[in-house]
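The values are calculated or read from the model by the stated rules, or taken from the named source; none is laboratory data. Everything numeric in this text was worked out from a predicted model, so none of it was measured. So basically every Cβ, Gly included, is an ideal-geometry build from the backbone, and we count neighbours across all protein chains shown. Each accessible area value is taken on the protein alone, full model and side chains, heavy atoms only, with ligands, DNA and RNA left out. Shrake-Rupley method; radii C 1.70, N 1.55, O 1.52, S 1.80 Å.
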Amino acid sequence: MKTLTELLSAEAPLQPGCTLPKRTGDHVMVGRNHGPVFRIVHVHADLAWIRPLTHGQDGLVPLDRLRAVEPMPPT
């Protein structure tokens, strides 16, 4: 079954091609965008529970849609 994102933007690749392993505590971005940075709260099977570092809502995202980024310096 396709997700709403896949139905509405079928031509946009959702997988960023990042092959680095993703673990709890890692900082990631979703897809190929340059949007907000998230922290992985928990990983189970092929899903990650992610939480924005600044504001917004938590979410569940397939691991293959996440792109690893460098940790942000402490403020």
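Values as computed for the structure displayed
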| quantity | calculated |
| --- | --- |
| Virtual spin-label span in nm between residue 33 and residue 69, 7 Å along Cα→Cβ | 1.2 |
| Simple label model, 7 Å out from Cα along Cβ direction - residue 46 to residue 23, nm | 2.3 |
| Convex hull (Cα only) mean projected area of region 13-68, reported in nm² to one decimal | 3.4 |
| Most to least accessible of 19, 24 (protein chains only, probe 1.4 Å) | 19, 24 |
| In nm, spacing of pseudo-spin labels at residue 54 and residue 15 (7 Å Cα→C-beta vector) | 3.0 |
